[in-house]
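Beneath this line is the structure, given in structure tokens, with notes to follow.
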Amino acid sequence: MEKEDLRSLDHEQLHKLITDLGEKKYRADQIFQWLHVKGANSLDEMTNVPAALKDRIRQTHEIHMLQTEKVLKSEIDDTRKYLFSLHDGNVIESVFMRYEHGNSVCISSQVGCNMGCRFCASTIDGKARDLSAGEMLAQIYMIMRETGEKISNVVVMGSGEPLENYVNLLQFIRMLTDEHGLHISQRNLTVSTCGLVDKIRSLADEKFQLTLAISLHAATDEKRRDLMPIANRFGLDELIPACAYYFDQTGRRITFEYALIKGENDSDRDASDLSALIRGLNCHVNLIPVNPVTERNYQQPYKTAVLAFKNKLEKNHINVTIRREMGRDISGACGQLRRSFSAHFQ
């Protein structure tokens with residue numbers, strides 16, 4: 001039977017574990033700091049924790065370590081892409097990005113993905129399993145250890161659909177923002193979803209102050225169903241009201257991610273439809289020239305088409321930016337590195 005991941009226990013749960021073992025609460029504080037501030041990967045690193053206590057913890061718990069399998073460093077913008085192996089042999093990706101406002105990490109929430117979005121490499125082989133809260137946190141800690149730099153922003157936008165891993169995601173959010181750990185502001189956290197309406201509403205009720213990013217990618221149900229199978233389950237008539245509900249509950253502006261694909265969703269008509277769809281919402285559109293994926297035939301529009309699309313939205317009073325491309329020379333799209341690594345060992 002697999003032992004529980006010690007790193008997935010929040011502050012209160014760790015207190016209970018340690019006090020149930022007959023120890024003082026401050027021992028739990030020490031262990032929590034080792035795990036979530038100092039980034040310890042083993043109990044042996046915890047020099048001020050008694051050996052006898054470590055042995056008792058080992059009977060029921062272990063630290064599910066990540067191993068760095070590969071690091072790709074961009075020669076364009078110093079972005080780094082990490083391939084980590086998990087304790088069960090699965091592999092995941094994370095990305096470290098430097099910006100003027102601070103360092104960001106994009107993490108995975110699942111091993112693979114079940115959502116089936118046509119332009120994404122993450123979903124080609126489906127989902128192997130969900131990640132625990134500890135495994136999500138460990139991606140950040142490993143990158144901090146490797147770079148020796150602080151992380152100020154976290155994006156849950158790597159492989160996987162975070163809201164399909166809802167319980168572990170909530171645990172991750174609470175631990176990431178815990179004052180006893182990294183204490184990253186909720187406002188510096190972005191969670192992306194392809195549009196699980198029921199979970200968007202549940203997340204809204206938590207009243208976190210994080211940014212919710214909706215993978216929209218088309219402004220009509222017909223086009224969206226061609227690109228994103230989730231649209232067969234939740235139509236835009238459900239998704240857009242859920243986004244309005246999220247803003248009403250949290251006061252946080254919605255971000256709509258829109259991957260521009262040549263000849264698919266980049267016309268003047270598409271821009272007009274998008275403007276009409278989201279007009280009146282407190283939102284921002286992030287245009288993303290699609291990352292070409294070997295297994296798909298989708299191509300980026302010409303820069304002139306991207307700018308024309310942006311200008312059309314702005315004329316319709318939509319707040320819009322074009323995402324800066326990061327790590328294009330190192331398999332920057334979600335799932336590309338993991339897929340190439342997995343194929344090598346098949």
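The values are calculated or read from the model by the stated rules, or taken from the named source; none is laboratory data. This is a predicted model, so every value here is computed, not measured. As a convention, Cβ positions derive from the backbone with ideal geometry for all residues, glycine included, and neighbour counts pool all protein chains shown.
A single member of ILE278, ILE261 is surrounded by 20 or more Cβ atoms within 10 Å (Cβ to Cβ), at pLDDT 95 or above and either closer than 28 Å to ALA121 by Cβ or under 19 Å from the mean Cα position of the chain (by Cα) (or both), and it is ILE278.
ARG224 passes every criterion in (1) surrounded by fewer than 20 Cβ atoms within 10 Å (Cβ to Cβ); (2) in a helix (DSSP H, G or I) apart from (1). Is there a residue being in contact (Cβ under 8 Å) with a residue 40 or more places away in the chain and in contact with a Phe, Trp or Tyr (Cβ under 9 Å, 6 or more places away or on another chain) anywhere in the stretch 15-34? No, the stretch 15-34 contains no residue that is in contact (Cβ under 8 Å) with a residue 40 or more places away in the chain and in contact with a Phe, Trp or Tyr (Cβ under 9 Å, 6 or more places away or on another chain). Note on the stretch 176-201: residues that are touching a Phe, Trp or Tyr at 6+ places or on another chain (Cβ under 7 Å), outside any loop (DSSP other than H, G, I, E, B) and surrounded by 19 or more Cβ atoms within 10 Å (Cβ to Cβ) amount to 2.
Number of residues in the stretch 2-12 that are more than 24 Å from the chain's Cα centre (by Cα) and within 19 Å of VAL37 (Cα to Cα) equals 1.
Whenever a residue of the stretch 178-192 is over 19 Å from PHE32 (Cβ atoms), its partners that are part of a loop (DSSP other than H, G, I, E, B) and among the aliphatic types (A, V, I, L, M), lying with C-beta atoms within less than 6 angstrom and at least six residues away or across chains, give the pairs GLN186/LEU210; LEU189/LEU210; VAL191/LEU210; SER192/MET157. Per the listing ILE173, ILE151, ILE140, the residue uniquely under 29 Å from ILE31 (Cα atoms), among the aliphatic types (A, V, I, L, M), in contact with a helix residue (DSSP H, G or I) (Cβ under 9 Å, 6 or more places away or on another chain) and assigned to a loop (DSSP other than H, G, I, E, B) is ILE151.
Of the residues ALA204, ALA231, ALA244, ALA213, only one is assigned to a helix (DSSP H, G or I), closer than 26 Å to ASP178 by Cα and either modelled with pLDDT under 95 or hydrophobic (A, V, I, L, M, F, W, C) (or both); which? Result of the check over ALA204, ALA231, ALA244, ALA213: ALA204. Among residues of the stretch 113-124 that are farther than 18 Å from SER94 by Cβ, those with a beta-carbon under 8 Å from a residue that is among the small types (Gly, Ala, Ser) at least six positions away or on a different chain give the pairs ASN114/GLY126; CYS117/SER215; PHE119/ALA259; ILE124/GLY335. Given the condition part of a strand (DSSP E or B), within 26 Å of the chain's Cα centre (by Cα) and closer than 27 Å to ALA121 by Cβ, answer yes or no: does some residue in the stretch 288-307 qualify? Yes, there is a match, as at least one residue in the stretch 288-307 is part of a strand (DSSP E or B), within 26 Å of the chain's Cα centre (by Cα) and closer than 27 Å to ALA121 by Cβ.
Taken together, the criteria place SER108 among residues that are surrounded by 15 or more Cβ atoms within 10 Å (Cβ to Cβ), modelled with pLDDT of 95 or more and under 14 Å from the mean Cα position of the chain (by Cα).
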